[in-house]
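Novice: There's a structure below that I have some questions on.
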Amino acid sequence: PIYKERVGEYWRKGTGKNIDGCDQSVPWSSAFISFIMKKSGAGNEFVYSSSHSKYIRDAVANTKSGQKHTFMAYRLGEKTVSLGDLVCYSRQSGVGYDTTSSYKSHCDIVVKVNKRKGIAEVIGGNVADGVTKRVLSIDKDGYLIDKSNDWFTIIEINK
């Protein structure tokens with residue numbers, strides 16, 4: 001891969017693992033999110049991981065605690081999509097908001113919201129072997145209604 005050094009940086013700086021972009025058997029999308037969170041100053045409250053489900057489950061537990069945390073996860077109908085949120089979907093059956101075991105998943109970062117046009121633009125890593133932007137459908141109020149994946153949670157970042 002042409003960007004193996006960049007992917008290696010995501011792994012090293014995002015998760016502390018010494019993996020490069022040549023190992024195509026290891027998905028790097030969570031390493032990308034972890035890298036972005038670390039570069040953004042998320043601090044010790046974010047669960048930097050090679051698995052999206054670890055930080056998703058942590059954010060769900062934060063929300064269920066009833067106390068305010070930096071990272072809080074909501075069901076799709078509980079929160080509108082906002083700039084900087086993480087939107088997450090399952091990559092295996094039987095997974096949802098209340099799943100507490102490890103599972104295959106993916107999250108993207110919301111980089112633009114346009115309620116008038118009914119779209120949210122997101123970026124994610126390891127999508128078509130790169131960092132890519134895609135457009136998701138939202139309703140007029142800003143709730144995620146996109147059917148392209150099994151979206152089930154939105155992680156809000158409270159700073």
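The values are calculated or read from the model by the stated rules, or taken from the named source; none is laboratory data. All values derive from a computational prediction rather than experimental measurement. Note that each Cβ is placed from the backbone with ideal geometry, even for glycine, and that neighbours are counted across all protein chains shown. SASA here: full protein model, heavy atoms, side chains in, ligands and nucleic acids out. Shrake-Rupley method; radii C 1.70, N 1.55, O 1.52, S 1.80 Å.
Novice: Could you list all residues from segment 99-155 that are touching a helix residue (DSSP H, G or I) at 6+ places or on another chain (Cβ under 9 Å), open to solvent by 50 Å² or more (accessible area, probe 1.4 Å) and at pLDDT 95 or above?
Specialist: Within segment 99-155, THR100, SER101, SER102, LYS104, TYR143, ILE145 meet the criteria.
Novice: So is ASP108 under 21 Å from SER51 (Cβ atoms), touching a Leu at 6+ places or on another chain (Cβ under 8 Å) and without any contact (Cβ under 8 Å) to a residue 40 or more places away in the chain or not?
Specialist: For ASP108, the condition - under 21 Å from SER51 (Cβ atoms), touching a Leu at 6+ places or on another chain (Cβ under 8 Å) and without any contact (Cβ under 8 Å) to a residue 40 or more places away in the chain - is met.
Novice: If TYR48 satisfies every condition in (1) out of contact with any strand residue (DSSP E or B) (no Cβ under 8 Å at 6 or more places or on another chain); (2) modelled with pLDDT under 95; (3) aromatic (Phe, Trp, Tyr) but one, which is the exception?
Specialist: (2)
Novice: Would you check which residues across segment 81-98 are without any contact (Cβ under 8 Å) to a residue 60 or more places away in the chain and either surrounded by 13 or more Cβ atoms within 10 Å (Cβ to Cβ) or at positive phi (or both) and list them?
Specialist: Scanning segment 81-98 gives ARG91, GLY94, VAL95, TYR97.
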